[in-house]
Each structure stands twice: as C-alpha cells, then as structure tokens.
1. If F148 passes every condition in (1) over 19 Å from E33 (Cα atoms); (2) among the aromatic types (F, W, Y); (3) at pLDDT 95 or above but one, which one does it miss?
2. Take R160 and tell me if it is open to solvent by 90 Å² or more (accessible area, probe 1.4 Å) and in a helix (DSSP H, G or I).
Amino acid sequence: MVPEVLVLALLTVGLYYSVASAEPVLTEAQLREDAATRIATSIEQSTSDEHAAHGHEVNPDERMLCTAEVWQLDAGTAEQPGTAYGYYLCATGTPGTPYMLSRMNAGPIVARLAEPVEVTVTQLDEDFRTQVEVMMPAEFVDQAFRGFADPQRADSLRQRFESQISKAA
C-alpha cells in the first residue's frame, strides 16, 4: 500500500509542476485581441509626421484614441513578423471635445507586427475600393466595407474618448 501511495504522490507532484511551469497557450482569439491592442496603441502613439503620412492631422494640443479589430492574423517568424488584417477607428480632439464632434478616421487596416508596428491604411487621394481589394485578403473585402464585426468596439472607443478627452476640460 505504501509504494502505491508514494507513486501516486510523486505523480501528483510531477503533474502539478508540469502544469504550473508550462507556458500559457493563447487562443487564436486572444492573439488577435493582443494584435488589435498593439495596433491601436501604435496609432495613438504615432508622431505628427506618421499621422500625416496616413492622411491624418493631429495638432499638438489634440489627443487621438483608437480601437482596432483583427479578423485574420498571419503567423510570423523571427525573421518575418506576422501580419494582421482588420479594421480601425480613431477619434481626435482637444480636451473638452464631445465625441460626436471629434475628427474620426476609420477603415480597413493591414499591420505588420514588427517593432514598431507598421500600419497600412487607405489613402484619401486614391480609389477606395481598389485599395481595399489590393490590401485585404479576398475573404475580408466585404467586411472591410461594413466595418467592425463587433459593434461594441466603436462604443468602447466612445466611452474611452468621453472619459479621457471630453471630460478633461
């Protein structure tokens, strides 16, 4: 009886340490959410020149808050970072600006998940449909014209904007 109890105890301890020391495995949904957060943060922290390169103007007294949704995440390697395909929405304004009066930019986005994140968005001076068809995988072209698959994204951005910018005056 004692040897069986000892073996059971050793197996239990071994299993505990095996499970406890294992790296957490993220689901695909968690990986897409992490990528969306990186993309939104990257846009928010862009310099004025980087914003201008995307056709957006952000004055020094303004703040931009963004959200993003990733529909597809292509895995990368150590040599070649992954690529995310999705949609973004940003709202810009000075402290005290109501959300509905903020300047908004939205559209499909492709992000190379390097360090720093490299984003590609549609340009205002080119044909929108053609740009979307070139930059997005075929299965997401229709979604790119509809916007977020999860409408809660826009509402969450509105709430953040109202608490951090609208009420900041």
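The values are calculated or read from the model by the stated rules, or taken from the named source; none is laboratory data. Because the structure is predicted, anything quoted here is derived from the model rather than measured. Accessible surface is based on the protein model in full, side chains and every heavy atom, while ligands, DNA and RNA are left aside. Shrake-Rupley method; radii C 1.70, N 1.55, O 1.52, S 1.80 Å.
1. Status for F148: all satisfied but (1).
2. Against the criterion (open to solvent by 90 Å² or more (accessible area, probe 1.4 Å) and in a helix (DSSP H, G or I)), R160 does not qualify.
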